[in-house]
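The values are calculated or read from the model by the stated rules, or taken from the named source; none is laboratory data. This structure is a prediction, so every number in the text was calculated from the model and none was measured. Here Cβ is always computed from backbone atoms with ideal geometry, including for glycine, and neighbour counts include all displayed protein chains. Each accessible area value is taken on the protein alone, full model and side chains, heavy atoms only, with ligands, DNA and RNA left out. Shrake-Rupley method; radii C 1.70, N 1.55, O 1.52, S 1.80 Å.
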Amino acid sequence: MSNQSLAVRTTKNGAFVSLPISICCWLLLLISCSANASQRDADAGYARLRNWMRENGGRVNDRFGITEKDGIRGIQAFTDIEEGSELLFCPWHLVIGSSSLQDQMKPGDGMCSVVDEMAKEIRLGVDSLWYPYLDHIGGQRLPADFISEVLLELQGLLTTQDATRHLRWFDQRCDGELDGTAKQSLVAFISRASEVGMIPIYDLFNHHNGKRSAKLTVTEEGVQLLVVGDGGISSGDEIYLSYGLKTASTMYRDYGFVEEWPIAWNFQTAGGNNFAFLEFPDVIAINPSADLLRAVWQSNISLEEYLSLATTHTESLSSADLETFVTAVENEHFPTTFEGDEVTLALLIEQEGGTIANDSSDDISDRISAIRYRMAHKKALASAKLYCNGILTKRMSMGSQEL
């Protein structure tokens with residue numbers, strides 16, 4: 001056996017120790033096996049859920065399944081799927097919240113009933129009709145779960161009142177005690193419910209306003225998820241829904257993430273003036289108009305067409321408008337810098353790796369989430385400012401040339 005070794009840094013004090021290559025290979029294999037086991041568990045759970053749906057009158061297209069990319073699970077097409085194809089059909093009796101086309105979930109009390117019904121089913125465990133579905137969801141943590149110290153990490157970008165909005169709604173509107181199971185049900189409802197309630201398998205599809213390729217429709221028999229967009233879905237593509245065009249803070253509060261693009265950022269100055277911008281790859285739409293927002297949300301167009309719309313909009317703004325926006329960004333101040341956040345985040349990630357799963361580890365994970373959100377906000381502000389200054393510099397240069 002070879003006595004070659006590798007230098008490995010320990011997590012305790014940052015020191016380097018020498019380990020035999022055979023042990024390093026064993027550790028790498030262990031990590032790989034753990035990741036593969038996690039994927040197998042996800043596949044097995046999805047297979048059980050799919051079979052349960054079919055056994056109870058539903059239909060699930062065989063041409064897609066669970067995938068994982070960068071630690072995020074989603075739904076991927078295994079083969080090309082044509083526009084108009086049915087991806088999923090869920091009969092009304094499997095929808096939690098609506099019983100028919102005529103009796104759909106209503107705002108207010110109807111939403112309370114869904115949360116309450118789902119909590120009751122969770123308590124039933126394996127005796128619940130929905131056990132294969134309810135056992136497949138959970139684990140999602142939203143700002144509503146954060147302790148007050150963690151909410152401070154958001155540096156005012158999401159206030160405690162806004163973060164706990166749904167908890168206060170349940171307390172004020174719904175007649176029930178928010179114990180652990182009820183809170184689990186409420187969080188699942190916030191982050192997974194459709195306009196008709198909880199739809200098994202439907203809520204496994206991720207969100208992307210710029211790449212959405214599936215849309216929900218309701219029928220007399222139940223709800224269908226159909227492929228939309230010219231050209232259908234190509235093999236290997238992730239299949240996306242749209243949760244609606246919402247601000248980044250709302251997306252983070254209700255779903256726990258910041259979308260890829262377009263990201264709808266907004267902020268308010270100390271003087272009470274509101275500013276907003278849409279962030280695309282390399283293009284920023286400053287103070288987007290209602291028409292632009294409708295076009296972004298309702299259109300199924302290419303990235304190039306989105307970028308063209310955003311570019312045309314921002315370049316139509318006056319220099320005074322762009323300068324006002326830049327000044328507003330420059331007046332935004334935070335307790336920490338982006339560079340400082342990077343250091344804090346790296347330390348927390350290292351700390352998270354050596355923590356046993358418990359309430360303390362949840363707090364660390366929540367802090368990581370909050371810091372990542374504030375970093376994304378700061379980075380977006382810097383990008384928007386840079387984009388505006390680029391247009392202003394170009395205009396000044398053109399004006400000088402004309403003189």
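Numbers for the structure displayed
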| read-out | value |
| --- | --- |
| Members of segment 45-78 that are open to solvent by 40 Å² or more (accessible area, probe 1.4 Å) and assigned to a helix (DSSP H, G or I) | Arg48, Arg50, Asn51, Arg54, Glu55 |
| Among (1) closer than 27 Å to Glu279 by Cβ; (2) open to solvent by 10 Å² or more (accessible area, probe 1.4 Å); (3) aromatic (Phe, Trp, Tyr), the one test that Tyr252 misses | (2) |
| Check on Glu305, more than 23 Å from the chain's Cα centre (by Cα), more than 26 Å from Ser289 (Cα to Cα) and of a type in the set (Asp, Glu) | no |
| Identity of the residue in segment 113-141, at pLDDT 95 or above and not in a helix (DSSP H, G or I), that ends up surrounded by the most Cβ atoms within 10 Å (Cβ to Cβ) | Trp130 |
| Among residues of segment 150-192, those that are exposed (fewer than 15 other Cβ atoms within 10 Å of the Cβ), without any contact (Cβ under 8 Å) to a residue 12 or more places away in the chain and not in a loop (DSSP other than H, G, I, E, B), counted | 6 |
| Filtered residues of segment 320-333 (kept if open to solvent by 40 Å² or more (accessible area, probe 1.4 Å) and either in a helix (DSSP H, G or I) or among the basic types (Lys, Arg) (or both)) | Ala320, Asp321, Glu323, Thr324, Thr327, Glu330 |
| Boolean, Leu245 is in a loop (DSSP other than H, G, I, E, B), in contact with a Phe, Trp or Tyr (Cβ under 8 Å, 6 or more places away or on another chain) and open to solvent by less than 50 Å² (accessible area, probe 1.4 Å) | yes |
| Pick from segment 213-242, criterion closer than 25 Å to Leu158 by Cβ and of a type outside the set (Gly, Ala, Ser), ranking: least open to solvent (accessible area, probe 1.4 Å) | Leu241 |
| Members of segment 193-237 found to be of a type in the set (D, E, K, R), closer than 18 Å to Tyr255 by Cβ and in a loop (DSSP other than H, G, I, E, B), listed by number | Glu195, Lys211, Arg212 |
